[in-house]
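Heads up, the thing below is written out as structure tokens.
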Amino acid sequence: MECESTVREQLAFLRLQRLEFEESPDGIIRKQMRVLSVLERIPTLQHLKISLSLDYSTIHQQWIRTLEALTCLESLTLTCHRVMDGMVLQKVLLACRRLRYLSLTLKGYKSELEEEDRQEYEDARAAIRRMPQMRLCELTFGSFADVVEEVILQPLLERCPKMQKLHITVD
């Protein structure tokens, strides 16, 4: 979506069902916030492909509000270019509970997390186990960090009784 802001705001008035938004890993926070606020005004959106930097609290809080506003959304392809803590990841997954298809790629993670980061992911694991069941039928999950996969993926799958297809990418 490389267009002027006025054109981007006009998209909200269309009955869009599918949208792809690719942002560079070093995207400007203000720009991402503006895109998220526009997305909230597209209630017919069913399929979304987006790249975000969810390591900033303003972005991930707005992202969760945006997901809650997109009541028709069934399919999400989300690429996160920067490391986010485990509890933010858990909140994002909770906001995705209505989706049928989720592709989540986490980039920028080290293969081994620091001890305090590891504890955050352990806390996230416990929180994921307490989440309501999800509607996911298909999940694609990719992360550079083995610990993210081992700590997050197992409890997530436990919350997905309708899962039919799982694809794990390893980089």
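The values are calculated or read from the model by the stated rules, or taken from the named source; none is laboratory data. Remember, predicted model here, so these are calculated numbers, not experimental data. When we count neighbours, we look across all protein chains shown, and the Cβ atoms used for this are built from the backbone with ideal geometry, even at glycine.
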### Message
surrounded by fewer than 21 Cβ atoms within 10 Å (Cβ to Cβ), modelled with pLDDT under 90 and over 21 Å from Lys107 (Cβ atoms): is that true of Ser57 in this structure?
### Response
no
### Query
When you go through (1) of a type in the set (D, E, K, R); (2) modelled with pLDDT of 90 or more; (3) not in a helix (DSSP H, G or I) one by one for Asp123, which number turns out not to apply?
(3)
### Message
Six or more apart or on different chains, Cβ atoms under 9 Å: show the pairs whose first residue is in segment 122-140 and closer than 16 Å to Leu89 by Cβ and whose second is of a type in the set (A, V, I, L, M) and in a loop (DSSP other than H, G, I, E, B).
### Response
Met134/Leu99; Met134/Met163; Leu136/Leu99; Leu136/Met163; Leu139/Met163
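So that you can scan it fast, the table gives a plain yes or no per residue for (1) exposed (fewer than 14 other Cβ atoms within 10 Å of the Cβ); (2) modelled with pLDDT under 60:
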residue: Val7; (1), (2): yes, yes
residue: Ala12; (1), (2): no, yes
residue: Arg15; (1), (2): yes, no
residue: Phe21; (1), (2): no, no
residue: Val35; (1), (2): no, no
residue: Leu39; (1), (2): no, no
### Task
Could you grab me the full set of residues in segment 28-54 that are out of contact with any strand residue (DSSP E or B) (no Cβ under 8 Å at 6 or more places or on another chain) and over 14 Å from Ala95 (Cβ atoms)?
Ile28, Ile29, Arg30, Lys31, Met33, Arg34, Ser37, Val38, Arg41, Pro43, Thr44
